[in-house]
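Asker: Shown below is the structure under consideration.
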Amino acid sequence: MDCAVQNQLYLSFNFQPMRTINDIAFTNKKALIRVDFNVPLNENLQVTDDTRIQAAKPTIIKILEDGGCCILMSHLGRPSGKEEKFSLRHIVPKVSEVLGVHVKFAEDCIGESVRETAESLQPGEILLLENLRFHSEEKEGNEDFAKELAALGDIYVNDAFGTAHRAHASTAVIAQFFPENKCFGNLLASEIENVNKVLKDGQAPITAVIGGAKVSSKITIIENILDKVDHLIIGGGMAFTFVKAQGGSIGNSLVEDDKMELALEILDQASKKNVEVHLPIDSVIANEFSNDAETKTSLINDIPNGWMGLDAGPETNKLFADVVLKSKTILWNGPVGVFEMPSFAEGTIHIGNAIAQSTKDGAFSLVGGGDSVAAVKQFKLSDKVSYVSTGGGAMLEMLEGKSLPGVEAILN
Ligand code: AMP
(Lines give C-alpha, C1' and ligand atoms only; values in the text may rest on other atoms or scores of the structure.)
Protein backbone atom coordinates (compact mmCIF):
# COMPACT_ATOMS: atom_id res chain seq x y z
CA MET A 1 0.00 0.00 0.00
CA ASP A 2 1.09 3.55 -0.68
CA CYS A 3 2.29 6.00 1.88
CA ALA A 4 3.13 9.60 1.21
CA VAL A 5 6.63 10.76 1.91
CA GLN A 6 6.03 14.17 3.45
CA ASN A 7 9.50 15.55 3.17
CA GLN A 8 13.04 14.56 2.58
CA LEU A 9 14.31 15.26 6.06
CA TYR A 10 16.70 12.39 6.39
CA LEU A 11 19.03 11.59 9.21
CA SER A 12 21.96 9.53 8.24
CA PHE A 13 23.46 6.33 9.58
CA ASN A 14 26.59 5.00 7.96
CA PHE A 15 26.01 7.59 5.22
CA GLN A 16 22.66 6.07 4.22
CA PRO A 17 19.36 7.99 4.25
CA MET A 18 17.23 7.25 7.26
CA ARG A 19 13.48 7.54 6.99
CA THR A 20 11.60 8.28 10.20
CA ILE A 21 7.94 8.57 11.19
CA ASN A 22 8.19 12.28 10.42
CA ASP A 23 8.55 11.43 6.73
CA ILE A 24 5.32 9.45 6.50
CA ALA A 25 1.64 10.43 6.57
CA PHE A 26 -0.17 7.93 8.77
CA THR A 27 -3.71 9.22 8.10
CA ASN A 28 -6.07 6.22 7.91
CA LYS A 29 -3.11 3.86 7.98
CA LYS A 30 -2.41 0.97 10.30
CA ALA A 31 1.07 1.33 11.74
CA LEU A 32 2.59 -1.98 12.83
CA ILE A 33 5.11 -0.88 15.45
CA ARG A 34 7.82 -3.07 16.97
CA VAL A 35 8.26 -1.63 20.44
CA ASP A 36 10.39 -2.82 23.34
CA PHE A 37 7.90 -3.41 26.15
CA ASN A 38 10.15 -5.95 27.85
CA VAL A 39 9.46 -4.31 31.21
CA PRO A 40 10.06 -5.68 34.72
CA LEU A 41 7.02 -7.10 36.58
CA ASN A 42 6.67 -7.79 40.31
CA GLU A 43 5.21 -10.97 41.84
CA ASN A 44 1.70 -9.55 41.33
CA LEU A 45 2.54 -9.15 37.64
CA GLN A 46 2.44 -5.37 37.83
CA VAL A 47 4.90 -3.18 35.92
CA THR A 48 7.59 -1.86 38.28
CA ASP A 49 9.45 0.37 35.80
CA ASP A 50 7.62 1.94 32.84
CA THR A 51 10.68 3.65 31.28
CA ARG A 52 10.43 1.59 28.08
CA ILE A 53 6.74 2.33 27.65
CA GLN A 54 7.40 6.04 28.21
CA ALA A 55 10.21 5.86 25.64
CA ALA A 56 7.84 4.56 22.94
CA LYS A 57 5.13 7.11 23.70
CA PRO A 58 6.23 9.93 21.33
CA THR A 59 6.15 7.60 18.31
CA ILE A 60 2.74 6.15 19.17
CA ILE A 61 1.15 9.53 19.94
CA LYS A 62 2.54 11.10 16.75
CA ILE A 63 0.96 8.35 14.65
CA LEU A 64 -2.38 8.66 16.44
CA GLU A 65 -2.32 12.44 16.03
CA ASP A 66 -1.65 11.94 12.32
CA GLY A 67 -4.95 10.04 12.13
CA GLY A 68 -3.50 6.55 12.07
CA CYS A 69 -3.94 3.58 14.37
CA CYS A 70 -1.23 1.56 16.11
CA ILE A 71 -0.70 -2.17 16.33
CA LEU A 72 2.01 -2.72 18.92
CA MET A 73 4.15 -5.84 19.02
CA SER A 74 6.79 -6.75 21.57
CA HIS A 75 8.38 -9.58 23.48
CA LEU A 76 8.36 -9.95 27.25
CA GLY A 77 11.00 -12.03 29.01
CA ARG A 78 12.24 -15.37 27.80
CA PRO A 79 9.21 -17.66 27.76
CA SER A 80 9.44 -21.26 26.68
CA GLY A 81 6.12 -21.54 24.87
CA LYS A 82 2.99 -19.81 26.13
CA GLU A 83 3.78 -19.10 29.77
CA GLU A 84 1.05 -17.03 31.41
CA LYS A 85 3.49 -15.04 33.56
CA PHE A 86 5.05 -13.67 30.37
CA SER A 87 1.74 -12.58 28.84
CA LEU A 88 1.67 -8.97 27.68
CA ARG A 89 -1.91 -8.86 28.97
CA HIS A 90 -0.42 -7.93 32.37
CA ILE A 91 0.97 -4.66 31.07
CA VAL A 92 -2.18 -3.44 29.27
CA PRO A 93 -3.37 -1.23 32.20
CA LYS A 94 0.06 0.42 32.47
CA VAL A 95 0.36 0.98 28.70
CA SER A 96 -3.15 2.55 28.68
CA GLU A 97 -2.21 4.76 31.63
CA VAL A 98 1.10 5.94 30.14
CA LEU A 99 -0.38 6.62 26.69
CA GLY A 100 -3.63 8.07 28.03
CA VAL A 101 -5.52 5.94 25.51
CA HIS A 102 -7.49 2.73 26.08
CA VAL A 103 -5.41 -0.15 24.69
CA LYS A 104 -7.09 -3.23 23.18
CA PHE A 105 -5.38 -6.59 23.60
CA ALA A 106 -5.10 -9.48 21.13
CA GLU A 107 -4.81 -13.00 22.60
CA ASP A 108 -2.17 -13.93 20.05
CA CYS A 109 0.08 -12.12 17.60
CA ILE A 110 -0.89 -14.15 14.51
CA GLY A 111 -4.00 -16.03 13.35
CA GLU A 112 -7.51 -15.35 12.11
CA SER A 113 -8.83 -13.68 15.24
CA VAL A 114 -6.04 -11.11 15.49
CA ARG A 115 -6.31 -10.40 11.75
CA GLU A 116 -10.01 -9.57 12.19
CA THR A 117 -9.34 -7.35 15.21
CA ALA A 118 -6.55 -5.54 13.37
CA GLU A 119 -8.76 -5.15 10.29
CA SER A 120 -11.49 -3.45 12.31
CA LEU A 121 -9.14 -1.07 14.13
CA GLN A 122 -10.15 2.58 13.65
CA PRO A 123 -7.96 5.71 13.50
CA GLY A 124 -6.92 6.72 17.02
CA GLU A 125 -7.11 3.17 18.36
CA ILE A 126 -4.29 0.99 19.75
CA LEU A 127 -4.02 -2.78 19.71
CA LEU A 128 -1.32 -4.60 21.68
CA LEU A 129 -0.47 -8.09 20.42
CA GLU A 130 0.38 -11.01 22.69
CA ASN A 131 4.06 -11.80 23.39
CA LEU A 132 5.87 -12.47 20.10
CA ARG A 133 8.14 -14.98 21.82
CA PHE A 134 5.19 -17.28 22.56
CA HIS A 135 6.10 -18.45 19.05
CA SER A 136 9.60 -19.86 18.66
CA GLU A 137 9.52 -18.57 15.06
CA GLU A 138 10.08 -15.04 16.39
CA LYS A 139 13.63 -15.67 17.58
CA GLU A 140 14.32 -18.04 14.70
CA GLY A 141 13.63 -15.18 12.30
CA ASN A 142 11.07 -17.31 10.49
CA GLU A 143 9.94 -15.69 7.24
CA ASP A 144 6.41 -17.15 7.18
CA PHE A 145 5.80 -15.93 10.71
CA ALA A 146 7.14 -12.48 9.78
CA LYS A 147 4.83 -12.45 6.75
CA GLU A 148 1.81 -13.22 8.94
CA LEU A 149 2.71 -10.37 11.27
CA ALA A 150 3.27 -8.08 8.29
CA ALA A 151 -0.26 -8.76 7.02
CA LEU A 152 -1.64 -6.87 10.04
CA GLY A 153 -0.37 -3.41 9.10
CA ASP A 154 0.15 -0.95 6.23
CA ILE A 155 3.37 0.61 7.49
CA TYR A 156 6.14 -1.02 9.54
CA VAL A 157 7.77 1.11 12.21
CA ASN A 158 10.73 -0.14 14.21
CA ASP A 159 11.07 1.68 17.52
CA ALA A 160 12.60 -1.15 19.55
CA PHE A 161 16.18 -0.09 20.12
CA GLY A 162 16.64 -2.74 22.83
CA THR A 163 16.26 -5.52 20.24
CA ALA A 164 17.68 -3.77 17.17
CA HIS A 165 20.81 -5.96 17.38
CA ARG A 166 18.70 -9.11 16.95
CA ALA A 167 17.79 -10.56 13.55
CA HIS A 168 14.38 -11.73 14.74
CA ALA A 169 11.16 -12.01 12.72
CA SER A 170 9.59 -8.81 14.09
CA THR A 171 12.79 -6.75 14.33
CA ALA A 172 14.42 -7.40 10.96
CA VAL A 173 12.92 -10.13 8.75
CA ILE A 174 9.50 -8.45 8.61
CA ALA A 175 10.86 -5.28 6.98
CA GLN A 176 11.16 -6.97 3.56
CA PHE A 177 7.35 -7.10 3.36
CA PHE A 178 7.18 -3.30 3.49
CA PRO A 179 9.64 -2.31 0.74
CA GLU A 180 8.23 1.21 0.46
CA ASN A 181 6.47 1.55 3.80
CA LYS A 182 9.00 1.11 6.58
CA CYS A 183 10.64 3.61 8.85
CA PHE A 184 12.31 4.27 12.18
CA GLY A 185 10.34 5.36 15.22
CA ASN A 186 11.48 8.39 17.21
CA LEU A 187 13.32 6.42 19.86
CA LEU A 188 15.36 4.28 17.49
CA ALA A 189 16.12 7.33 15.32
CA SER A 190 17.33 9.36 18.27
CA GLU A 191 19.55 6.54 19.57
CA ILE A 192 21.27 6.38 16.18
CA GLU A 193 21.44 10.16 15.89
CA ASN A 194 23.05 10.47 19.33
CA VAL A 195 25.67 7.81 18.67
CA ASN A 196 26.51 9.63 15.46
CA LYS A 197 26.98 12.84 17.44
CA VAL A 198 29.94 11.11 19.09
CA LEU A 199 31.32 8.65 16.55
CA LYS A 200 30.68 10.56 13.34
CA ASP A 201 30.17 14.25 13.98
CA GLY A 202 31.78 14.65 17.41
CA GLN A 203 33.40 18.00 18.11
CA ALA A 204 37.03 17.75 19.35
CA PRO A 205 38.36 17.17 21.90
CA ILE A 206 36.44 13.90 22.04
CA THR A 207 36.85 11.79 25.18
CA ALA A 208 35.73 8.24 25.82
CA VAL A 209 35.48 7.11 29.42
CA ILE A 210 35.57 3.33 29.40
CA GLY A 211 35.23 1.52 32.70
CA GLY A 212 33.63 -1.62 34.05
CA ALA A 213 34.89 -4.98 35.08
CA LYS A 214 36.64 -6.59 32.16
CA VAL A 215 38.86 -5.60 29.25
CA SER A 216 37.53 -8.56 27.28
CA SER A 217 34.01 -7.15 27.14
CA LYS A 218 35.18 -3.67 26.05
CA ILE A 219 37.97 -4.49 23.66
CA THR A 220 35.94 -4.18 20.46
CA ILE A 221 34.55 -0.82 21.57
CA ILE A 222 38.03 0.48 22.35
CA GLU A 223 39.37 -0.69 19.00
CA ASN A 224 36.48 0.97 17.17
CA ILE A 225 36.73 4.31 18.93
CA LEU A 226 40.51 4.69 18.76
CA ASP A 227 40.13 6.25 15.31
CA LYS A 228 37.55 8.70 16.61
CA VAL A 229 38.62 10.01 19.99
CA ASP A 230 41.35 12.34 21.27
CA HIS A 231 41.36 11.05 24.85
CA LEU A 232 40.70 7.59 26.21
CA ILE A 233 40.10 7.29 29.94
CA ILE A 234 40.37 3.70 31.16
CA GLY A 235 38.96 3.10 34.64
CA GLY A 236 37.33 0.46 36.79
CA GLY A 237 38.43 -3.14 37.15
CA MET A 238 39.66 -3.32 33.57
CA ALA A 239 42.38 -0.74 34.25
CA PHE A 240 44.32 -3.28 36.35
CA THR A 241 45.05 -5.47 33.35
CA PHE A 242 46.77 -2.44 31.76
CA VAL A 243 48.62 -1.57 34.98
CA LYS A 244 49.88 -5.14 35.49
CA ALA A 245 50.87 -5.38 31.82
CA GLN A 246 53.05 -2.30 32.38
CA GLY A 247 54.79 -4.02 35.30
CA GLY A 248 52.73 -2.61 38.19
CA SER A 249 51.86 -4.54 41.37
CA ILE A 250 48.10 -4.79 41.62
CA GLY A 251 47.70 -7.11 44.64
CA ASN A 252 44.44 -9.06 44.40
CA SER A 253 42.71 -6.63 42.05
CA LEU A 254 40.64 -7.93 39.16
CA VAL A 255 42.85 -8.88 36.24
CA GLU A 256 42.70 -10.81 32.98
CA ASP A 257 46.20 -12.17 32.57
CA ASP A 258 45.46 -13.45 29.09
CA LYS A 259 44.56 -9.93 27.96
CA MET A 260 47.75 -8.21 29.11
CA GLU A 261 49.40 -8.45 25.71
CA LEU A 262 46.27 -7.02 24.13
CA ALA A 263 46.31 -4.18 26.64
CA LEU A 264 49.86 -3.26 25.58
CA GLU A 265 48.81 -3.46 21.94
CA ILE A 266 45.95 -1.04 22.61
CA LEU A 267 48.34 1.41 24.26
CA ASP A 268 50.65 1.10 21.27
CA GLN A 269 47.85 1.62 18.75
CA ALA A 270 46.58 4.59 20.75
CA SER A 271 49.95 6.25 20.72
CA LYS A 272 50.29 5.70 16.95
CA LYS A 273 46.88 7.30 16.50
CA ASN A 274 47.71 10.23 18.77
CA VAL A 275 45.08 9.24 21.29
CA GLU A 276 46.04 10.27 24.83
CA VAL A 277 45.32 7.38 27.19
CA HIS A 278 44.62 8.19 30.83
CA LEU A 279 44.97 5.33 33.30
CA PRO A 280 44.29 5.67 37.05
CA ILE A 281 47.12 7.02 39.19
CA ASP A 282 45.81 5.79 42.53
CA SER A 283 43.07 3.59 43.88
CA VAL A 284 40.87 3.07 46.90
CA ILE A 285 41.89 -0.42 47.95
CA ALA A 286 40.14 -2.88 50.26
CA ASN A 287 41.14 -6.04 52.10
CA GLU A 288 38.01 -7.85 50.89
CA PHE A 289 35.25 -7.41 48.30
CA SER A 290 32.77 -5.93 50.74
CA ASN A 291 31.27 -2.55 51.52
CA ASP A 292 32.46 -2.99 55.12
CA ALA A 293 36.03 -3.89 54.22
CA GLU A 294 38.99 -2.01 55.63
CA THR A 295 40.07 0.59 53.03
CA LYS A 296 43.02 2.84 52.24
CA THR A 297 44.42 4.74 49.29
CA SER A 298 47.33 3.34 47.30
CA LEU A 299 49.33 4.17 44.20
CA ILE A 300 47.78 2.22 41.36
CA ASN A 301 50.95 0.23 40.67
CA ASP A 302 51.90 -0.48 44.27
CA ILE A 303 48.96 -2.39 45.72
CA PRO A 304 50.01 -4.87 48.41
CA ASN A 305 49.10 -8.54 48.22
CA GLY A 306 45.81 -9.28 49.97
CA TRP A 307 44.37 -5.93 48.87
CA MET A 308 42.30 -5.08 45.81
CA GLY A 309 41.54 -1.81 44.03
CA LEU A 310 37.79 -1.20 44.06
CA ASP A 311 37.52 2.51 43.23
CA ALA A 312 39.44 5.38 41.65
CA GLY A 313 41.56 7.29 44.16
CA PRO A 314 41.50 11.09 44.76
CA GLU A 315 44.37 11.92 42.35
CA THR A 316 42.74 9.82 39.65
CA ASN A 317 39.43 11.58 40.22
CA LYS A 318 41.15 14.94 39.66
CA LEU A 319 42.94 13.73 36.54
CA PHE A 320 39.82 12.19 34.98
CA ALA A 321 37.72 15.28 35.80
CA ASP A 322 40.34 17.60 34.23
CA VAL A 323 40.23 15.64 30.97
CA VAL A 324 36.43 15.53 30.94
CA LEU A 325 36.10 19.24 31.72
CA LYS A 326 38.17 20.23 28.69
CA SER A 327 36.27 17.92 26.33
CA LYS A 328 33.61 18.99 23.85
CA THR A 329 32.26 15.49 23.26
CA ILE A 330 32.12 12.71 25.86
CA LEU A 331 31.16 9.08 25.68
CA TRP A 332 30.75 7.23 28.97
CA ASN A 333 30.58 3.47 29.10
CA GLY A 334 31.25 1.65 32.35
CA PRO A 335 31.74 2.76 35.98
CA VAL A 336 35.21 3.51 37.35
CA GLY A 337 34.64 1.58 40.57
CA VAL A 338 32.32 -0.84 42.31
CA PHE A 339 29.66 1.91 42.52
CA GLU A 340 27.00 -0.50 43.77
CA MET A 341 28.76 -0.37 47.17
CA PRO A 342 28.67 3.11 48.76
CA SER A 343 32.26 2.72 50.00
CA PHE A 344 33.48 2.46 46.39
CA ALA A 345 31.06 4.80 44.60
CA GLU A 346 33.03 8.05 44.96
CA GLY A 347 35.02 7.73 41.73
CA THR A 348 31.94 7.03 39.63
CA ILE A 349 30.06 9.92 41.27
CA HIS A 350 33.05 12.18 40.67
CA ILE A 351 33.34 11.43 36.97
CA GLY A 352 29.54 11.57 36.58
CA ASN A 353 29.54 15.05 38.12
CA ALA A 354 32.42 16.15 35.88
CA ILE A 355 30.52 14.94 32.80
CA ALA A 356 27.43 16.81 34.04
CA GLN A 357 29.50 20.00 34.52
CA SER A 358 31.10 19.67 31.11
CA THR A 359 27.65 19.21 29.58
CA LYS A 360 26.47 22.36 31.36
CA ASP A 361 29.47 24.14 29.84
CA GLY A 362 28.35 23.12 26.35
CA ALA A 363 29.80 19.66 25.72
CA PHE A 364 27.74 16.84 24.23
CA SER A 365 27.66 13.75 26.48
CA LEU A 366 26.34 10.29 25.72
CA VAL A 367 25.99 7.64 28.40
CA GLY A 368 25.58 4.27 26.79
CA GLY A 369 25.63 0.64 27.65
CA GLY A 370 24.94 -1.24 30.85
CA ASP A 371 26.20 -0.14 34.20
CA SER A 372 27.07 3.48 33.54
CA VAL A 373 23.39 3.95 32.64
CA ALA A 374 22.48 2.39 36.01
CA ALA A 375 25.02 4.70 37.68
CA VAL A 376 23.66 7.94 36.18
CA LYS A 377 20.17 6.89 37.23
CA GLN A 378 21.32 5.98 40.76
CA PHE A 379 23.20 9.27 41.19
CA LYS A 380 20.36 11.32 39.62
CA LEU A 381 22.48 12.58 36.75
CA SER A 382 20.21 11.48 33.89
CA ASP A 383 18.92 15.03 33.29
CA LYS A 384 22.41 16.50 33.48
CA VAL A 385 23.93 14.62 30.56
CA SER A 386 22.93 15.09 26.93
CA TYR A 387 21.63 11.60 26.23
CA VAL A 388 21.22 8.34 28.13
CA SER A 389 20.82 5.36 25.87
CA THR A 390 17.91 2.97 26.48
CA GLY A 391 19.49 -0.10 24.94
CA GLY A 392 22.29 -2.08 26.60
CA GLY A 393 23.39 -4.69 24.08
CA ALA A 394 22.27 -2.68 21.05
CA MET A 395 24.22 0.39 22.18
CA LEU A 396 27.34 -1.70 22.83
CA GLU A 397 27.15 -3.14 19.32
CA MET A 398 26.78 0.34 17.81
CA LEU A 399 29.81 1.53 19.77
CA GLU A 400 31.66 -1.54 18.52
CA GLY A 401 30.94 -0.27 15.00
CA LYS A 402 28.69 -3.21 14.10
CA SER A 403 25.65 -2.73 11.93
CA LEU A 404 22.42 -3.72 13.65
CA PRO A 405 20.04 -6.05 11.77
CA GLY A 406 17.00 -4.02 12.91
CA VAL A 407 18.55 -0.85 11.53
CA GLU A 408 19.86 -2.40 8.32
CA ALA A 409 16.46 -3.89 7.55
CA ILE A 410 14.89 -0.44 7.46
CA LEU A 411 17.74 1.11 5.49
CA ASN A 412 17.90 -1.56 2.79
P1 AMP B 1 30.67 -3.72 32.89
O2 AMP B 1 29.33 -4.40 32.86
O3 AMP B 1 31.77 -4.46 32.22
O4 AMP B 1 30.59 -2.27 32.49
O5 AMP B 1 31.12 -3.76 34.39
C6 AMP B 1 30.41 -3.11 35.40
C7 AMP B 1 30.83 -3.67 36.71
O8 AMP B 1 32.20 -3.43 36.92
C9 AMP B 1 30.10 -3.04 37.88
O10 AMP B 1 29.26 -3.99 38.45
C11 AMP B 1 31.22 -2.64 38.82
O12 AMP B 1 30.96 -3.00 40.14
C13 AMP B 1 32.39 -3.42 38.29
N14 AMP B 1 33.66 -2.80 38.65
C15 AMP B 1 34.06 -1.54 38.44
N16 AMP B 1 35.27 -1.33 38.95
C17 AMP B 1 35.68 -2.49 39.51
C18 AMP B 1 36.84 -2.90 40.22
N19 AMP B 1 37.84 -2.05 40.44
N20 AMP B 1 36.90 -4.17 40.64
C21 AMP B 1 35.90 -5.02 40.42
N22 AMP B 1 34.77 -4.70 39.77
C23 AMP B 1 34.65 -3.43 39.31
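The values are calculated or read from the model by the stated rules, or taken from the named source; none is laboratory data. Keep in mind that this is a model prediction, so the values were computed, not measured. All Cβ positions, even for glycine, are placed from backbone atoms using ideal geometry, and neighbour counts span all protein chains on display. Note: areas computed on protein heavy atoms with side chains; ligands, DNA, RNA excluded. Shrake-Rupley method; radii C 1.70, N 1.55, O 1.52, S 1.80 Å.
Asker: Quick one: count up the residues across segment 190-223 that are touching a Phe, Trp or Tyr at 6+ places or on another chain (Cβ under 9 Å) and near the ligand (Cβ under 10 Å from one of its atoms).
Answerer: Adding up the residues that qualify gives 3.
Asker: Something else about it: For residue 236, are the conditions met, namely being modelled with pLDDT of 95 or more, over 30 Å from residue 63 (Cβ atoms), among the small types (Gly, Ala, Ser) and open to solvent by less than 20 Å² (accessible area, probe 1.4 Å)? First the steps, then the outcome.
Answerer: Working: modelled with pLDDT of 95 or more: yes; over 30 Å from residue 63 (Cβ atoms): yes; among the small types (Gly, Ala, Ser): yes; open to solvent by less than 20 Å² (accessible area, probe 1.4 Å): yes.
Criteria met by residue 236.
Asker: Shifting gears a bit: When segment 139-163 is examined, which residues are found to be at pLDDT 95 or above, within 21 Å of the chain's Cα centre (by Cα) and either open to solvent by less than 10 Å² (accessible area, probe 1.4 Å) or aromatic (Phe, Trp, Tyr) (or both)?
Answerer: Passing the criteria: 157, 158, 159, 160.
Asker: Conditions: (1) more than 12 Å from the ligand (Cβ to nearest atom); (2) open to solvent by 20 Å² or more (accessible area, probe 1.4 Å). Residue 341 meets all but one. Number of the miss?
Answerer: (1)
Asker: Looking at (1) under 18 Å from residue 339 (Cα atoms); (2) open to solvent by 50 Å² or more (accessible area, probe 1.4 Å), which is the only condition residue 384 fails?
Answerer: (1) is the only condition that residue 384 fails.
Asker: Determine if segment 97-104 includes at least one residue that is of a type in the set (Asp, Glu) and over 22 Å from residue 191 (Cα atoms).
Answerer: Yes, segment 97-104 contains at least one residue that is of a type in the set (Asp, Glu) and over 22 Å from residue 191 (Cα atoms).
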